[in-house]
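Every read-out reported here was derived from the displayed coordinates using simple, explicitly stated rules and does not represent laboratory data. Computed from a predicted structure; not experimentally measured. Here the Cβ positions follow ideal geometry from the backbone for every residue, glycine too, while neighbour counts run over all protein chains shown.
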Ligand SMILES: [Zn+2]
């Protein structure tokens, strides 16, 4: 069995990123807690912070991340909330990929 070695520097970096993300989301929830849509058309809410994606792979203006609706990994993009009906926005806001706060 191989042992997994994680350096203390890596853990410190992850902790700092986590604290920064929490702080940003708490101070500006309307800016960083956004509605997204996966490649299969599932909509949900997620934290979308530029240069700080620790649970997704950034691909330009899209991300590859876990979709909590379809329970799969998929390319995801932000959705303009004004393009959704009130019911669609409410449904998307009801499902969040993962709370960090
Ligand atoms: Zn999906």
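With labels modelled as points extended 7 Å from the Cα through the Cβ direction, what inter-label distance (nm, one decimal) is found for residue 23 paired with residue 64?
Between residue 23 and residue 64, the simple spin-label model gives 3.1 nm.
For the residue pair residue 39 and residue 2, what label-to-label distance in nm results when each label sits 7 Å from Cα along the Cα-to-beta-carbon direction?
So the label points at residue 39 and residue 2 sit 2.7 nm apart.
For the chain, divide the Cα radius of gyration by the Kirkwood radius and give the resulting Rg/Rh value with two decimals.
1.03
With springs only between Cα atoms under 10 Å apart, run a GNM on the chain and tell me which of 84, 59, 11 wobbles the most.
Evaluated over the chain, the most mobile residue of the options is 11.
Compare the peptides 30-37, 41-48, 75-82 by average per-residue count of other Cβ atoms within 10 angstrom and give them in order, highest first.
Per-residue mean Cβ counts within 10 Å order the peptides as 41-48, 30-37, 75-82.
Per the helix-only calculation at 222 nm, which mean residue ellipticity applies to the chain, given -39500 (n - 2.57) for every DSSP H run of n ≥ 4 and division by its residues, nearest 500 deg cm²/dmol?
-10000 deg cm²/dmol
What residue among 57, 13, 49 shows peak mean-square fluctuation when the chain is described by a Gaussian network model with Cα springs under 10 Å?
Comparing 57, 13, 49 in the GNM, the peak value goes to 13.
For helix 8-27, report the angle its Cα long axis makes with the longest principal axis of the Cα atoms of the chain; keep it between 0 and 90° and round to the nearest 10°.
30 degrees
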